[in-house]
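Heads up, the thing below is written out as structure tokens.
The values are calculated or read from the model by the stated rules, or taken from the named source; none is laboratory data. None of these values were measured; they are calculated from a predicted model. Here the Cβ positions follow ideal geometry from the backbone for every residue, glycine too, while neighbour counts run over all protein chains shown.
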Amino acid sequence: MSLIACDKVSFSYEKQIVVNELSFSIEKGDYLCIIGENGTGKTTLVKGLLGLKKPSGGKITVGDSFQPTEIGYVPQQTVAQKDFPASVYEVVISGCLNQRGMRPGYSKENKERANSNMELLGISDLRKKCYRNLSGGQQQRVLLARSLCATTSLLLLDEPTTGLDPVATTEFYSMIDRLNKKHGITIVMVSHAIKEAIEHAGSILHLSHSSYFYGTVEAYRHSTFGKRFLGGMEDDHIN
Amino acid sequence: MITLIREMFSYPFMVRAMIVGTLVSVCASLLGVSLVLKRYSMIGDGLSHVGFGALALAVALNMAPLKVAIPVVIVAAFILLRVTENSKIQGDAAIALISTGALAVGVMLVSLTTGMNMDVYNYMFGSILAMSREDVVLSIMVSIIVLILYVIFYEKIFAVTFDETFAKATGINTNLYHMLLSILTALIIVLGMRMMGALLISSLIVFPAVTAMRICHTFKSVTITAVLVSIVSFIVGITTSYLYATPTGASIVIVDIILFILFQLYGLIIKKNV
């Protein structure tokens with residue numbers, strides 16, 4: 001069974017339809033990239049998947065034994081966070097809150113999980129460092145570690161490479177690859193970068209104002225959608 | 001020194017002011033950390049002006065001040081929160097509208113009824129004499145509630161303050177915590193206003209948090225330092241006020257300013273050495 005299946009899902013703001021009759025599914029172990037220009041409803045769709053916005057039509061089915069609150073969400077960074085006084089550890093362990101309910105504090109398991117995720121992403125030595133003093137790439141790893149505290153199955157990343165320099169971006173993509181291939185974590189990434197998307201992802205969901213494409217990267221390359229957007233870029237690849 | 005302390009505590013009004021002031025300062029600084037980080041610093045200022053309007057109304061109607069002020073300020077806090085979330089008016093503009101509006105209504109009420117007497121002056125600038133026995137009981141109760149809620153929800157408050165969208169996505173009811181934050185802020189402002197004055201109460205919220213952030217790098221240390229800063233500035237401030245008969249609110253804020261400058265300098269020095 002799919003982790004998440006969308007069947008003719010539409011979203012609208014005050015009767016203005018943003019996403020129209022979208023059907024796709026996310027299977028365990030998938031690496032799905034959601035691409036599209038501004039204003040085609042990528043962020044809205046993310047909110048829908050997280051259960052923060054109700055669809056105006058269609059149905060989002062969530063697989064058995066999976067809760068929307070178990071999605072490891074990596075949101076875009078906000079301005080307020082840039083000067084937020086918090087240690088790396090404090091940020092990472094806050095991902096465990098979805099397992100705490102109304103209980104105060106964190107359990108020993110939570111703490112171990114936070115530590116092992118920091119280990120996994122290579123930020124253990126930053127543990128006591130202040131979040132605001134880190135580089136963009138390091139901050140992104142911290143947010144990733146926090147999301148891994150919230151989930152063991154699905155990461156949902158919203159434009160994660162915005163503001164990262166090329167080296168940090170490359171590092172970030174290979175880290176995501178590792179999480180997907182080695183640890184079997186399902187990845188759903190919203191991105192502007194089509195080139196990186198087809199390089200790393202397994203399947204593509206391309207939103208545009210009038211229609212959409214959903215399928216594997218291979219099918220995308222040969223679709224009218226893909227041809228239009230990849231255009232000359234594909235030739236560069238071959239050369 | 002000891003004689004001074006003994007003398008100060010021999011007056012019942014000083015004992016009351018000490019108890020209420022310390023508790024209110026601690027609570028205000030705790031709430032302040034979240035409010036400052038969420039860019040809501042001016043909410044305290046806005047609410048205190050609403051509080052002034054409400055007190056003026058109470059005086060005009062000859063009613064108990066706190067009974068009028070508490071509900072009015074809580075309603076205002078709700079409105080400010082709703083407005084900043086949904087409407088087309090920007091949050092800071094909304095606060096300015098509500099705060100100056102309420103201040104104007106208050107001043108009109110005062111001038112039409114009692115005129116600018118000592119009571120009104122005290123509401124604006126604060127007085128340690130203003131605390132009644134009833135205020136003390138109420139302040140202790142509210143402060144204890146604030147402290148307990150803060151400790152229980154500390155991790156959630158951190159998560160909501162740091163990243164609301166993520167908190168929401170992991171299933172935390174962020175609206176509930178916003179509401180809690182604004183109700184508690186409203187209560188603390190009304191309680192602290194009598195002592196600090198409507199014009200200065202928001203300093204209790206903003207100063208300790210900002211001062212602590214000069215040198216602290218974790219949320220926990222900021223919270224603890226902010227509490228300590230608020231206690232020190234309150235005690236030094238109120239003692240100064242007692243010794244030199246200066247207005248309480250202003251004396252406390254002056255100590256806050258001095259601490260802020262010291263922390264800022266210290267922050268710069270450690271940064272250079274690292």
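Before moving on, here are some points about what is shown:
- Odd one out for A:Lys82, checked against (1) surrounded by 15 or more Cβ atoms within 10 Å (Cβ to Cβ); (2) more than 9 Å from chain B (Cβ to nearest Cβ); (3) in contact with a helix residue (DSSP H, G or I) (Cβ under 7 Å, 6 or more places away or on another chain); (4) not aromatic (Phe, Trp, Tyr): (1)
- Checked against the criteria, A:Leu155 counts as within 17 Å of A:Gln67 (Cβ to Cβ) and not in a helix (DSSP H, G or I).
- Only residues that are under 17 Å from the mean Cα position of the chain (by Cα), away from chain B (no Cβ under 14 Å) and assigned to a loop (DSSP other than H, G, I, E, B) were counted in the stretch A:105-151, giving 1.
- Scan of the stretch B:204-224 for residues that are at the interface with chain A (Cβ under 7 Å from one of its Cβ atoms), of a type in the set (A, V, I, L, M, F, W, C) and either out of contact with any helix residue (DSSP H, G or I) (no Cβ under 7 Å at 6 or more places or on another chain) or free of Cβ contacts under 8 Å to residues at least 60 places away in the same chain (or both), ordered by number: B:Cys216
- Residue within the stretch B:173-181 that is within 14 Å of chain A (Cβ to nearest Cβ) and either touching a residue at least 60 places away in the same chain (Cβ under 8 Å) or farther than 29 Å from B:Ile79 by Cβ (or both) present: no
- Considering the stretch B:170-274, the qualifying helices (runs of 4 or more DSSP H), each wholly inside and each with 3 or more residues that are over 12 Å from the mean Cα position of the chain (by Cα) and small (Gly, Ala, Ser), run over B:219-244, B:248-273.
- Any hit, the stretch A:191-199, residues being within 25 Å of A:Lys82 (Cα to Cα), more than 14 Å from every other protein chain (Cβ to nearest Cβ), at pLDDT 90 or above and surrounded by 20 or more Cβ atoms within 10 Å (Cβ to Cβ): no
- Set B:Tyr154, B:Tyr150: member being within 14 Å of chain A (Cβ to nearest Cβ), under 17 Å from the mean Cα position of the chain (by Cα) and more than 25 Å from A:Gly48 (Cα to Cα): B:Tyr150
- Filter result (touching a helix residue (DSSP H, G or I) at 6+ places or on another chain (Cβ under 9 Å), surrounded by fewer than 19 Cβ atoms within 10 Å (Cβ to Cβ) and not in a helix (DSSP H, G or I)) within the stretch A:44-79: A:Gly51, A:Leu52, A:Lys53, A:Lys54, A:Ile60, A:Val62, A:Gln67, A:Gln76, A:Gln77, A:Thr78
- Taking the stretch A:48-76 as the range and being farther than 16 Å from A:Ala150 by Cβ and facing chain B (nearest Cβ under 9 Å) as the test, only A:Gln76 passes.
- Index of the failed condition, A:Lys82 passing every other in (1) in a helix (DSSP H, G or I); (2) modelled with pLDDT of 85 or more: (2)
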